[in-house]
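Engineer: Can you read through this structure? Questions will come right after.
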Amino acid sequence: MTTGVRRRMGVEERKQQLIGVALELFSHRSPDEVSIDEIAAAAGISRPLVYHYFPGKQSLYEAALRRAADELAARFVEPPHGPLGARLLRVMGRFFDFVDDHGPGFAALMRGGPAVGSSTTNAMIDEVRLAAYVQILAHLGVDKPSARLELVVRSWVSLAESTALIWLDGRRVPRAELELQLVHDFAALAAVSAAYDPDMAEILVGILADEPADGPFGELVARLVALVPAVSPEAPSVPDQRLR
């Protein structure tokens with residue numbers, strides 16, 4: 001039989017509880033719409049006690065964003081085994097799991113929310129982007145990327161971020177389609193860059209060499225081929241118009 005006596009939490013344990021409560025509330029509403037009173041009530045403590053652990057809403061907000069940023073960055077970690085297309089698809093699945101579960105909080109993290117302009121918040125956002133960038137380079141097995149490869153990877157990370165933010169506004173495109181499309185977008189960005197740069201071409205050839213026909217990249221090739229009209233044997237050859 002329980003006595004009904006509530007166990008007293010230590011300082012760090014209480015802080016972590018408040019961060020978790022704040023994150024849960026931020027998952028359903030924008031942080032600037034959530035009050036300290038609501039956070040206190042959800043945690044089962046008084047408003048003054050919240051301020052005992054955090055000087056103000058801003059500090060609690062930043063602590064919650066810190067946890068969210070760490071969790072989001074971890075979604076890009078993937079064992080470097082198997083075809084790249086399948087790995088990126090799993091990464092996008094975990095990324096959109098986070099976006100789906102923490103919609104308003106994700107938007108606040110990426111857009112700055114009530115901490116817009118805060119150097120702390122901006123640094124956290126940059127950390128998430130850098131973590132994603134580093135992980136993608138690790139998937140490619142590249143330590144020192146060329147300028148074009150850096151452009152491809154950073155552009156793709158930004159595209160994934162902006163796509164998720166747009167998707168949250170109504171979820172008008174099926175999530176699974178967007179996840180696959182973003183994997184295809186990576187291949188498309190790499191292919192365009194490869195057309196201009198032999199080093200990128202070498203990387204792309206290496207990627208495609210390990211891709212099965214029924215994988216994400218193979219599916220993209222099949223979709224693109226289906227869009228190209230068949231060329232009859234009598235059709236004149238296309239002159240070489242490559243850039244000089």
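The values are calculated or read from the model by the stated rules, or taken from the named source; none is laboratory data. All of these numbers come straight from a predicted model, not from anything done at the bench. Neighbour counts are summed over all protein chains in view; Cβ atoms, including those assigned to glycine, are modelled from backbone coordinates with ideal geometry. The area values use the complete protein model at the heavy-atom level, side chains included, leaving out ligands, DNA and RNA. Shrake-Rupley method; radii C 1.70, N 1.55, O 1.52, S 1.80 Å.
Engineer: Only residues that are open to solvent by 50 Å² or more (accessible area, probe 1.4 Å) and not charged (D, E, K, R): list them for segment 172-187, please.
Structural biologist: Val173, Pro174, Ala176, Gln181
Engineer: Right, another one. Considering every residue within segment 75-83, establish whether at least one is open to solvent by 10 Å² or more (accessible area, probe 1.4 Å) and in a helix (DSSP H, G or I).
Structural biologist: Within segment 75-83, not a single residue is open to solvent by 10 Å² or more (accessible area, probe 1.4 Å) and in a helix (DSSP H, G or I).
Engineer: Something else about it: Can you report the number of residues in segment 211-229 which are loosely packed, with under 10 Cβ neighbours inside 10 Å and not in a loop (DSSP other than H, G, I, E, B)?
Structural biologist: 3
Engineer: Follow-up question, since we're still on this one. Answer yes or no as to whether Arg129 is out of contact with any strand residue (DSSP E or B) (no Cβ under 8 Å at 6 or more places or on another chain), among the charged types (D, E, K, R) and either surrounded by 13 or more Cβ atoms within 10 Å (Cβ to Cβ) or modelled with pLDDT of 95 or more (or both).
Structural biologist: Here the answer is yes, as Arg129 does meet what is asked.
Engineer: Name every residue in segment 47-81 that is of a type in the set (Ser, Thr, Tyr) and in contact with a helix residue (DSSP H, G or I) (Cβ under 6 Å, 6 or more places away or on another chain), in order of residue number.
Structural biologist: Across segment 47-81, the qualifying residues are Tyr53, Tyr61.
Engineer: Considering only segment 142-194, how many residues are closer than 22 Å to Ser30 by Cα and in contact with a helix residue (DSSP H, G or I) (Cβ under 7 Å, 6 or more places away or on another chain)?
Structural biologist: Summing the residues that are closer than 22 Å to Ser30 by Cα and in contact with a helix residue (DSSP H, G or I) (Cβ under 7 Å, 6 or more places away or on another chain) in segment 142-194 gives 8.
Engineer: Any residue that is in contact with an Asp or Glu (Cβ under 8 Å, 6 or more places away or on another chain), open to solvent by less than 80 Å² (accessible area, probe 1.4 Å), at pLDDT 90 or above and under 12 Å from Gly85 (Cα atoms) - is there at least one of those in segment 154-171?
Structural biologist: No, segment 154-171 contains no residue that is in contact with an Asp or Glu (Cβ under 8 Å, 6 or more places away or on another chain), open to solvent by less than 80 Å² (accessible area, probe 1.4 Å), at pLDDT 90 or above and under 12 Å from Gly85 (Cα atoms).
Engineer: Could you please find all residues in segment 12-35 being without any contact (Cβ under 8 Å) to a residue 12 or more places away in the chain and in contact with a helix residue (DSSP H, G or I) (Cβ under 6 Å, 6 or more places away or on another chain)?
Structural biologist: Passing the criteria: none in range.
Engineer: Arg47 passes all but one of (1) open to solvent by 80 Å² or more (accessible area, probe 1.4 Å); (2) farther than 19 Å from Val99 by Cβ; (3) modelled with pLDDT under 90; which number fails?
Structural biologist: The one condition Arg47 does not meet is (3).
Engineer: Quick one: would you say Val192 is part of a helix (DSSP H, G or I), among the β-branched types (Val, Ile, Thr) and open to solvent by less than 20 Å² (accessible area, probe 1.4 Å)? Let's see the steps before the verdict.
Structural biologist: Working: part of a helix (DSSP H, G or I): yes; among the β-branched types (Val, Ile, Thr): yes; open to solvent by less than 20 Å² (accessible area, probe 1.4 Å): no.
No, not satisfied.
Engineer: Right, here's the next one. If you go through segment 99-122 one residue at a time, do you hit one that is farther than 30 Å from Leu220 by Cα, open to solvent by 40 Å² or more (accessible area, probe 1.4 Å) and among the charged types (D, E, K, R)?
Structural biologist: Yes, because at least one residue in segment 99-122 is farther than 30 Å from Leu220 by Cα, open to solvent by 40 Å² or more (accessible area, probe 1.4 Å) and among the charged types (D, E, K, R).
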